[in-house]
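Every number in this text was worked out from the coordinates using simple rules, so none of it is lab data. Fair warning: this is a prediction, and the values are worked out from it, not measured in the lab.
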Amino acid sequence: MCGGDVALCNHLTGAAAKDMYLSATIQNELLVVAADLIRTKIQNQIRQAGCWALIADETMDLQKREQLVDVIRYLSAGEDGVLRQREDPVAMLDLVHDVSDDYEPHTEKKLSIAQCYNGASTMASERLGMAAQILQQAELAKYFHCMAHWMNLSASQAVKVAAIHSAQTVVHEAASLFRTSAKKTVVLKQCIEDADDTRMSKRQLINLCETRFLERHTAVVTFRQLFGFVAEALQEMKSWSSATAVRSASSLYASGLVILENLAGLLLPVSWEAAGCRERPNTGHQRCQRSVVGFGEHAIRSRLREDICRG
């Protein structure tokens, strides 16, 4: 109605109470119909493309249900006739119910030229996995390990380096300290505003993601940008009357926050090393992980040598 739908407005204001069609059941049916129309449109575009690639990944939702999302990658011409790559979701399945009921995607498997999963044996196994089963029906559908997932696994190995693990722990503690208190957040924001630095787009720290290294990388970048303001805010908190606040600020400051900027900076080139390693030919997953860990240890040693020379 807010969008100017006159017919809907007339229906809701003039129809009988039993003909409103506003119940939860009717609304759910309308959503299903809308989803079917969108899915049909996507399927028609996929058929016109002539070939496509399957991308699938699973995750657990808040209700502890395993959900499998199927995405189709294909090329589609726009109104200007230019081909553009598209990635459209075509299904979200419950792994316990839908997949066990022999779900079949509404696309022609023989037109599939690639399939991309996260490397789990149930998906990527050459004998029994989904990749092997689809390959029997689509000879060109070669399996590829998801590049983003591969890089995430490889970069996460850098946390095993003791110095990087310690730096990451303090980044996590600093983010938790400020994000769990409105008063502390105000102090940090005030320090940033007093600096009047137009280059600062961030106003608070970001929590480290437990599973995705790329999001963890964003948290470290933000910490480096706000490093000086964090130290200034901690110094101010040490003068508060609250014994708990003083103790937490002093503990974090004394744990190496002043020298942490150098160590936290090592996580940034480690991320780039993981990305570059993935692009090199004939680089397996295990070799990529060893390369990233070795790079992190080398960066630590180089940084220590620089500090000793300056000392």
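For the pairs Lys64/Lys142; Lys189/Lys238; Lys160/Lys189; Lys41/Lys110, flag any whose C-alpha to C-alpha distance is greater than 28 Å. Walk me through the intermediate numbers first.
Working: Lys64/Lys142 32 Å; Lys189/Lys238 17 Å; Lys160/Lys189 33 Å; Lys41/Lys110 20 Å.
Beyond 28 Å: Lys64/Lys142; Lys160/Lys189.
Please give the Cα centre distance for segment 18-94 versus segment 126-148, rounded to the nearest Å.
22 Å
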